[in-house]
Amino acid sequence: MSRLIRAVVDTGALRHNLKIIRSRAGGARVLAVVKANAYGHGLVQTALALEQADAFAVARLEEGLMLREHGVTRPIVLLEGVFSAGQLREAARHELDLVVHDPLQVRLLEADAAAHRFVLWLKIDTGMNRLGFRESEFPEALERLERLRSPPLEIRLMTHLARADDSPEMTREQLERFGRAARGRAHATSIANSAGVLGQTPVGGEWVRPGLALYGASPFADRTAEDLGLRLAMTLEASVIAVRRVPRGETVGYGGAWRAGRDSRIAIAAAGYGDGLPRGLPSGTPVLVDGRRAPLCGRVSMDMIAVDVTDLGEVEVGAPVVLWGAGLAVEEVARRAGTIAYELLCGVSQRVPVERR
Ligand SMILES: *Cc1c(COP(=O)(O)O)cnc(C)c1O
């Protein structure tokens, strides 16, 4: 029991998932999305493991700089772009590619006295209503980028799908808008997130931008990672630190939220909301103790959970408790918590050491 909790990342699974995505992407290049600490898998190590990706995407400048600092030489795209002249200079110095989604960013490029040259990804808002130029504003933005004193190395066009996981109608609508905007232009394009790559509606584009699928989780409610041929890369594994008998009628944990309906055996495991487990995980949520399913009982506390192991036979201090991983889909745990796999993976906290195999 050298570590009470750890996230074990299977590098082979990451690479396998990248291959699956490639095989579904129709020859498109893969921009591997490693924002948010690579969805909890460790930013730098994940990028190094995914050396077969064509490029990487992060949300923020600091993430891009971190990758460069650790020797990542592939193209890196800042999905939210830059917001000041200082950031623009930093991005240029480290050869980071920029998404341009707002007039402010066009002005920053126009005002750039040093005339840095970038690969620019002009973002078109086709219905997400989050970032990007609307169809009507887009031609002017493109024209201004094409007229920059420091001509861009390349301009590519992108959009983001709001419902690639559940609404072919909305996806088709977004594709139509994007197609109208891009029609007759020679620029490379990028549309698909994980659901866009793996969904039923072909979305096209020279670049795809998978995140979640790389990590082996399914973006769809009605198709599992297994259905998609993906392998969950992260196993979140804690240890049992105590086993106790709880007589029928007594309660376990804060708020007395779970009451033993029979004489019970309860294992206490070293995983809590301080490690990133949602406090809202209800009693009954499955975990794997020694590889066998058993239900959580009572509230998740900061450093511990309680598991009803009455039906498991012998369980000893030190036994492994898998919160998600092989044999227990992160999507299932997320559903129990009323959230999505993305949030659970990104939420694994700093104090949880990440090990690789
Ligand atoms: C996060 C993000 C992605 C990746 O989305 P997944 O659903 O994880 O595949 C792709 N594109 C943009 C713009 C993003 O912000």
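Relative contact order for the stretch 254-320: what is it in percent, counting Cα pairs under 8 Å that are at least 6 residues apart?
Computed over the stretch 254-320, the figure is 37 percent.
Please list, in order along the stretch 103-118, the HN-Hα scalar couplings obtained from phi with the Karplus expression 6.51 cos²θ - 1.76 cosθ + 1.60 (θ = phi - 60°), rounded to whole Hz, x for Gly and Pro.
With the stated coefficients, the stretch 103-118 comes to x, 3, 6, 5, 5, 4, 5, 5, 8, 6, 4, 7, 6, 5, 10, 10 Hz.
Which cross-chain or sequence-distant (5 or more) residues have an amide H under 5 Å from the amide H of residue 239, H modelled 1.01 Å from N in plane?
270, 321
Compute the acute angle (0 to 90°) between the alpha-carbon long axis of helix 11-24 and the principal axis of greatest extent of the alpha-carbon atoms of the chain; round to the nearest 10°.
Result, in degrees: 50.
Provide the three semi-axes, in whole Å and in decreasing order, of the ellipsoid equivalent to the stretch 159-198 as defined by the square roots of 5 times the Cα gyration tensor eigenvalues.
Output for the stretch 159-198: semi-axes of 19, 12, 6 Å.
With θ taken as phi - 60° and the coefficients 6.51, -1.76 and 1.60, list the Karplus ³J(HN,Hα) couplings across the stretch 200-213 in order, rounded to whole Hz; mark glycine and proline as x.
7, 7, x, 10, x, x, 7, 10, 10, 10, x, x, 3, 5
Output needed for the stretch 121-196: three equivalent-ellipsoid semi-axes, defined as square roots of 5 times the C-alpha gyration tensor eigenvalues, in descending order, whole Å.
24, 12, 10
Find how much the distance from residue 107 to residue 293 grows on full extension, using 0.36 nm per residue of separation minus their present alpha carbon separation; answer in nm with one decimal.
Contour length minus the Cα-Cα distance gives 61.3 nm.
How large is the dipole of the stretch 1-79 about the Cα centre if only Lys and Arg carry +1 and Asp and Glu carry -1, each at its Cβ, rounded to the nearest 20 debye?
Magnitude of the dipole: close to 240 debye.
Can you say what percent of the DSSP beta bridges in the chain, counting only those with both residues inside, are antiparallel? Round to 5.
Antiparallel bridges make up about 50 percent of those DSSP assigns within the chain.
Which ³J(HN,Hα) values, rounded to whole Hz and listed in residue order, are derived for the stretch 157-173 from phi using the Karplus coefficients 6.51, -1.76 and 1.60 in 6.51 cos²θ - 1.76 cosθ + 1.60 with θ = phi - 60°, glycine and proline given as x?
10, 9, 8, 10, 8, 8, 9, 5, 7, 9, 9, x, 5, 5, 4, 4, 4
For each of 344, 145, count neighbouring Cβ atoms within 10 Å of the residue's Cβ, then give the residues from fewest to most.
In increasing order of surrounding Cβ atoms, one gets 145, 344.
So between residue 19 and residue 73, what do we pick up on full extension, going 0.36 nm a residue minus the alpha carbon distance?
Between residue 19 and residue 73, full extension yields an extra 17.4 nm.
Using per-residue counts of other Cβ atoms within 10 Å, averaged over each peptide, order 56-63, 290-297 from highest down.
For the peptides 56-63, 290-297, the packing ranking is 56-63, 290-297.
From a point 7 Å beyond the Cα of residue 244 in the direction of its Cβ, which residues of the stretch 252-295 have a backbone N at a distance under 17 Å?
So the set is 252-272.
Neighbour counts of other C-beta atoms within 10 Å: give me 157, 4 arranged from fewest to most.
In increasing order of surrounding Cβ atoms, one gets 4, 157.
Any idea what the relative contact order of the stretch 1-88 is, in percent, if you count C-alpha pairs under 8 Å spaced at least 6 apart?
Relative contact order for the stretch 1-88 comes out at 24 percent.
What number does the stretch 1-156 give for Rg over Rh if you use C-alpha atoms and the Kirkwood radius?
A ratio of 1.03.
Quick check: residue separation of residue 89 and residue 60 times 0.36 nm, minus the Cα distance between them. What number comes out in nm?
Separation in residues times 0.36 nm, less the Cα-Cα distance, equals 9.0 nm.
Of all the C-alpha pairs in the chain, what % are more than 33 Å from each other?
37 percent
Every number in this text was worked out from the coordinates using simple rules, so none of it is lab data. The structure displayed is predicted, hence computed values, not measured ones. Heads up, the Cβs are rebuilt from the backbone with ideal geometry, glycines too, and the neighbour counts pull from every protein chain shown.
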